[in-house]
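Scroll down for the structure; my scribbles are underneath it.
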């Protein structure tokens, strides 16, 4: 069980950084804008199901000492250089997924809608390019309540982006961010993250909001897996059909070239770094052992592939 005091000390800086003004405020204009995929969707078959990877955009942020909290910047840059990747900045894409199963469409995480940085908010157009309208989404599954995963539930004017969807949220995540005592005890910089959760989800209720316990099945073949650490209740999503399996990793690893290759490294956004590292190791072992197809919210688009063991960590192999 994660303790309130721990989250209100060790993890606040990272969560505050995901309040919507801060996520892109650290962009360095001299590095230029990130390159966005065109087209911004990709379809895959998973047995009788269809997976659609979608891009909502990306931000480019300078790579500083703060990004990996427990490794020297020289070591971090060295690992990137060894993979022929830039060493002065990192690109952070935002990639929701849609699972189409038995005629129903399940969107996993939402991006920003019109609440984000200028290089985000592409999900609506990319859904349309993939042949889907906002009203076609029957279910929205939220992995965790960091702003880049929930702000896309509503437009800036407060209207619902997915008017026909039931929104499914993990119970421990919902309880944490909707706790007034936690919000009132948090530093001022953290309040935005709590308010974003309330703005996005606070008045959803009844048959529009399903608060589930991680581990349950939300629909035939569509399950959930606890992945606590990045946030108090982050939850991954699995899909299984005709002997094939897929796991949506959410923010298990922010940049796979860093945090999969070195699962014990911690990104600044992990709210409980120790538990996040334990979760990464456990999940990587599972997806390699079971040869699962995986999707990552912040992976390079199309953000879908497999993992193989590599040294003391894991290598992402795009599909």
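None of the figures in this text is laboratory data; all of them are computed from the coordinates on show. All figures in this text were calculated on a predicted structure; none of them were measured in a lab. Please note: Cβ atoms are built from the backbone with ideal geometry, for glycine as well, and neighbour counts cover all protein chains shown.
Couple of notes before you dig in:
- Scanning region 82-112 for residues that are in a loop (DSSP other than H, G, I, E, B) and closer than 26 Å to residue 247 by Cβ yields 83, 85, 95, 96, 102, 103, 109, 110, 111, 112.
- Unmet requirement for residue 238, which otherwise passes all of (1) in a strand (DSSP E or B); (2) touching a helix residue (DSSP H, G or I) at 6+ places or on another chain (Cβ under 7 Å): (2)
- Complete set of residues in region 183-207 that are within 26 Å of residue 225 (Cβ to Cβ), in a helix (DSSP H, G or I) and touching a residue at least 24 places away in the same chain (Cβ under 8 Å): 193, 196, 197, 200, 201, 207
- Breaking point among (1) within 16 Å of residue 97 (Cβ to Cβ); (2) buried (at least 21 other Cβ atoms within 10 Å of the Cβ), for residue 306: (2)
- Within region 173-205, the residues that satisfy the criterion of being in contact with a strand residue (DSSP E or B) (Cβ under 8 Å, 6 or more places away or on another chain) and farther than 16 Å from residue 111 by Cα are 173, 174, 204.
- Test: residue in region 68-81 that is touching a residue at least 60 places away in the same chain (Cβ under 8 Å), assigned to a loop (DSSP other than H, G, I, E, B), crowded, with 19+ Cβ neighbours inside 10 Å and in contact with a helix residue (DSSP H, G or I) (Cβ under 9 Å, 6 or more places away or on another chain): no
- Each residue in region 137-182 was checked for being part of a helix (DSSP H, G or I) and surrounded by 17 or more Cβ atoms within 10 Å (Cβ to Cβ), and 13 pass.
- There is no residue in region 246-259 that is assigned to a loop (DSSP other than H, G, I, E, B), farther than 19 Å from residue 304 by Cα and in contact (Cβ under 8 Å) with a residue 60 or more places away in the chain.
- Filtered residues of region 208-219 (kept if outside any loop (DSSP other than H, G, I, E, B) and either buried (at least 16 other Cβ atoms within 10 Å of the Cβ) or in contact (Cβ under 8 Å) with a residue 12 or more places away in the chain (or both)): 208, 209, 210, 211, 212, 218, 219
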